[in-house]
Amino acid sequence: MSRSWRVLLRRLVLAFLGAALLGWLVDRLLLALLLTALVSLAWQLGQLYRLDRWLSGDRDASPPQVGRVWDGIAAHVTRLRRQSRKRKRKLSKLFSQIQQATAALPDAAVILGEDDRVVWCNGAAQQMLGLSPVRDIGLPVAHLLRHPDFVAFLHQRRPSDNVEFSAPVDDALLLSARIVPYGKKQRLLLATDISRVRRLEQVRRDFVANVSHELRTPLTVISGYLETLLDSDSPAFDLWRPPLHRMQEQSRRMLHIVEDLLLLVRLESRKERPPFKPVNVPALLATIVDDAIALSDEQAHLISVIADPELWIAGSEKELHSAFANLVFNAVRYTPAGRRIEIRWFADDGGIHLTVEDEGEGIAPHHIPRLTERFYRINRDRSRDSGGTGLGLSIVKHVLNHHGGQLRISSELGVGSVFTCDFPHELRMERTAISARNVTGSRC
Ligand code: ADP
């Protein structure tokens, strides 16, 4: 107990003892004690009243001063008030610094409250999204930014995703937006101008496409002439036959790279999905396996296919052929002679799948995430010698993206690899259903 409380208690005890003595002397003990209690209560109430007025900010009121306990409480409150004022000053300084920083951000920032109503927005949001910090506060953001892609994204509520849409103030401006939830029922909408990045990507794509186009014709001509020379029976060419063979090999390889680059550019730059047609995947796999057996040749790999004959999908046959052939030919090229390669085409609860499993050399885990990058090869010389371009898995990834699917790779060094293409159930087409539709079509 503090000293001031001890003094107060001592005073009270003394006052009551004095009152009791006086009361006893005049034979009014109870009255004397009652009066002392009333006086003491009135004094404490008076102090409490002063404290209340002082705490509620009355300028005329002074803190309770009489009595050490009240002095102590008043000093304590004064200290707390001073601390809280200091903290308030600090917080408001910090708040204005944050506001200044977000206002200076080159990206648009909008705070969304309940029902995605605009609570606050920075300067960039005014320029890029056309929002007004006066007119639009309190309005639902979906009423202000009406692009269908943005509205769909707003309702889907997946914070990890982002959406691209043209700016409401200028169609030429392409924005990428994300929404981050924070606090209670608050979300932060962030939008960045990505027009420049997209323009640069387009320039890169155009450059690759133009160079590939320009190279294709001379390479085809060179390759054709080399073939004619090699076909000639003239003994004059005998000395030149080995270098001519090498030249033909290299020109074919370059032509292959050019074709793959052109295919990749086409896949990348296509904005709209091409109309999908029923694809007889089991038949497609049969032709790919024939080619794989030819590629394997003397290496005599044991290639087997287990395919559900009824399972067709809606897609682009050319693209699917390219993706599946890349996976199967890779299995042949990276699997030692005589080993097993198994191809399976089936559907289960998780979707439709193609797996290509080999007993090859396997891939170390740190290479796996990078395999679908263009020209990423674990062993450059090995890839080149086996006729690889380093673009195969990149093509596979793009084709699968086009079909709403994905590529999974699992591998163990020295044991083998499994490449799995996953497709969504929606692409499924039963062969019987397709034949029935064709029959009805021909009758009409
Ligand atoms: P490449 O034309 O070089 O085969 P890809 O893009 O098809 O290019 O493959 C990239 C790299 O992935 C290859 O260079 C190879 O190192 C590795 N790879 C692909 N498939 C397999 C496989 N079945 N087994 C082992 N490594 C593989």
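Sorted by average packing, counted as other Cβ atoms within 10 angstrom per residue and highest first, what order do 277-290, 312-325 take? Mind dumping the intermediate values first?
On the way: 277-290: 17.1, 312-325: 20.1.
The packing order, highest mean first, is 312-325, 277-290.
Comparing Phe16, Phe95, Phe346, which has the greatest mean-square fluctuation in the GNM of the chain with Cα pairs linked when under 10 Å apart? Highest fluctuation of the listed residues: Phe16. Structural descriptor for the chain: relative contact order 9 percent, calculated from alpha carbon pairs under 8 angstrom and at least 6 residues apart. Here the Gaussian network model covers the chain, with springs between Cα atoms less than 10 Å apart; of Trp345, Trp24, Trp240, Trp24 fluctuates the most. Shape of the chain from the C-alpha gyration tensor: prolate (a/c of 1.5 or more and a/b above b/c, with a ≥ b ≥ c the square roots of its eigenvalues). To the nearest 10, the accessible area of His155 is 120 Å² with a 1.4 Å probe. In the range 105-193, a dipole from Cβ-located charges (positive for Lys and Arg, negative for Asp and Glu) runs towards its positive end, and of Leu173, Leu112, Pro133 it is Leu112 whose Cα lies farthest in that direction. Largest GNM mean-square fluctuation across Arg87, Arg266, Arg198, computed for the chain with C-alpha springs under 10 Å, falls on Arg87.
Given +1 at the Cβ of Lys and Arg, -1 at the Cβ of Asp and Glu and no other charges, the dipole of the chain around its Cα centre is 4460 debye to the nearest 20.
Shown is the FRET efficiency for Asp161 and Arg79, computed with R0 = 56 Å from the Cβ-Cβ distance and rounded to the nearest 0.05: 0.65.
Subtract the Cα-Cα distance of Arg135 and Arg199 from 0.36 nm times their separation in residues, and report this length gain in nm to one decimal. Mind dumping the intermediate values first?
Values: separation 64, 0.36 × 64 = 23.04 nm, distance 3.36 nm.
Extending this stretch completely gives an extra 19.7 nm.
Given their separation in residues at 0.36 nm each and the Cα-Cα distance between them, Asp149 and His366 gain 74.5 nm when the chain is fully extended. Within a straight-line Cα-Cα reach of under 23 Å, Lys397 can be paired with the following lysines, leaving aside sequence neighbours fewer than 8 residues apart in one chain: Lys271, Lys277, Lys318.
For the range 277-432, what % of the accessible area comes from carbon and sulfur atoms, probe 1.4 Å? Working shown, then result.
Working: 3720 of 7250 Å².
Ligands and nucleic acids excluded, carbon and sulfur reach 51 percent.
For Trp120, what residues show an amide H to amide H distance below 5 Å, using hydrogens built from the backbone and excluding near sequence neighbours? Residues meeting the criterion, in which the H sits 1.01 Å from N, are Ile111. Across all directions, the shadow cast by the convex hull of the range 257-334 built on its C-alpha atoms averages 6.1 square nanometres.
To the nearest 0.05, what FRET efficiency results for His213 and Ala142 with a Förster distance of 60 Å applied to their C-beta separation?
Details: r = 44 Å, r/R0 = 0.74.
So, using R0 = 60 Å, E works out to roughly 0.85.
With all protein chains kept in place, the per residue accessible area of the chain amounts to 62 square angstrom at a probe of 1.4 angstrom. Karplus-derived 3J(HN,Hα) values for the range 248-265, using 6.51 cos²θ - 1.76 cosθ + 1.60 with θ = phi - 60°, are 5, 4, 5, 5, 5, 4, 5, 4, 4, 4, 4, 4, 5, 5, 5, 5, 4, 4 Hz; glycine and proline are entered as x.
Projected label points at Val13 and Lys90, each 7 Å from Cα along the beta carbon direction, are separated by 4.3 nanometres.
If you roll a 1.4 Å probe over the range 108-227 with all protein chains in place, what percent of the accessible area is carbon or sulfur? Please list the in-between numbers first.
Numbers: 3960 of 7030 Å².
The C+S portion of the solvent-accessible surface of the range 108-227 is 56 percent.
How high is the FRET efficiency between Asp52 and Asp27 when r is their beta carbon distance and R₀ equals 60 Å, given to the nearest 0.05? Can you show the working numbers first?
Details: r = 40 Å, r/R0 = 0.67.
Efficiency, rounded to the nearest 0.05: 0.90.
Per DSSP helix of 4 or more residues, -39500 (n - 2.57); summed, then divided by the residues of the chain. What does that give at 222 nm, rounded to the nearest 500?
Values: 13 runs with 236 residues, N = 444.
Computed mean residue ellipticity for the chain: -18000 deg cm²/dmol.
How much net charge surrounds Val118 when only the other residues with a Cβ under 15 Å from the Cβ of Val118 are counted, with Lys and Arg +1 and Asp and Glu -1?
Numbers: positive: Arg117, Arg135, Arg146, Lys185, Arg187; negative: Glu114, Asp115, Asp116, Asp136.
Summing Lys/Arg as +1 and Asp/Glu as -1 gives +1.
The values are calculated or read from the model by the stated rules, or taken from the named source; none is laboratory data. Bear in mind the structure is a predicted one, so any value in this text is a computation, not a measurement. Glycine gets a Cβ as well: all are built from the backbone with ideal geometry, and neighbour counts include every protein chain shown. The area values use the complete protein model at the heavy-atom level, side chains included, leaving out ligands, DNA and RNA. Shrake-Rupley method; radii C 1.70, N 1.55, O 1.52, S 1.80 Å.
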